[in-house]
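The values are calculated or read from the model by the stated rules, or taken from the named source; none is laboratory data. As the structure is a prediction and not an experimental result, all values here were calculated from the model. Here the Cβ positions follow ideal geometry from the backbone for every residue, glycine too, while neighbour counts run over all protein chains shown. Accessible surface areas use protein heavy atoms only, side chains included; no ligands, DNA or RNA. Shrake-Rupley method; radii C 1.70, N 1.55, O 1.52, S 1.80 Å.
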Amino acid sequence: MIQDFRYFWALQGSFGSTTNVISGAAKFGTVSTDFDGDSKMDLATANMSTCDVSIFLGAGNGTSSSPISYTVPSAPNAICLADFNLNGKPDFATANAGNDNMSVFKNNGNGIFAPQVLYSTGTTGSIPSAIVSSNFNNDGKTDLAVSNSFAAIISVRLGTGGGALAIKCSLRLLRG
């Protein structure tokens, strides 16, 4: 079934016609980058109700491949891009609301991703709701932070540079 997800790929600086693509239901995040190194923009959607991420490899003319799906443990409701293993290829990570964890998928360079690596948010019932990557401690390695909406905590994992995330710290948010 065609879901109510639409995207545009503009080649000459203007929007083309709408193209419908098949994706999982209840999409909670979308990112765009060149996953397969062909200089054409690709899409990834975090599909909460089907517990997967759909990758659409762009053809450069407003169409894409059929989706390639990657299963996540439970309810991915946010997605971000980064180069976790510093190989120059875009990887992605998801915040998984149903299992209080995050998934990291490393790109093999051709638009195909290695099996996910799971990292706990460290707080049961936290409901991860947003995820962002950056170099938080200025060591040149990509780190991840996840906002946990029910626990009022931000969980931070520091990158090792080899694709793994190590030290976890939590920042409690004060209400008031």
Problem set entry | the stretch 29-176: mean projected area of Cα convex hull, nm² | 9.0
For this session: Using only C-alpha atoms and all pairs of different ones, pull out the Kirkwood radius for the stretch 96-139 in Å with one decimal.
Result: 12.2
Problem set entry | Cut-off 10 Å between beta-carbons: net charge of the residues surrounding LEU144, Lys and Arg +1, Asp and Glu -1 | +1
For this session: Would you mind telling me the share, in percent, of accessible area of the stretch 36-104 contributed by carbon and sulfur at probe 1.4 angstrom?
Result: 50
Exercise. Hey, rough spin-label estimate for ARG172 and SER149, points 7 angstrom out along Cα→Cβ, what's it come to in nanometres?
Worked result: 2.3
Problem set entry | Debye log10 I(q)/I(0) for the stretch 53-114, one point scatterer per Cα, at q = 0.15, 0.24, 0.28 Å⁻¹ | -0.49, -1.05, -1.19
Problem set entry | Surface accessible to a 1.4 Å probe, ASP34 within the full protein complex, Å² | 40
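For the stretch 53-161, which trypsin sites (Lys or Arg not before Pro) pass both filters: DSSP loop (anything but H, G, I, E, B) and at most 12 other C-beta atoms within 10 Å? Don't skip to the end; give the middle numbers.
Working: sites: LYS106, LYS141, ARG157; in loops: LYS106, LYS141.
Here no loop site has a sparse enough neighbourhood.
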Exercise. With the other protein chains left in place, how much accessible area per residue, in square angstrom, belongs to the stretch 66-165 at a 1.4 angstrom probe?
Worked result: 38
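Compute the signed sum of charges (Lys and Arg +1, Asp and Glu -1) over the other residues within less than 12 Å, Cβ to Cβ, of PRO90.
Working: positive: LYS89, LYS106; negative: ASP34, ASP36, ASP42, ASP83, ASP91.
Around PRO90, the charge tally is -3.
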Exercise. Leaving out ligands, DNA and RNA but keeping every protein chain, what accessible area does THR50 have, in Å² rounded to the nearest 10, with a 1.4 Å probe?
Worked result: 70
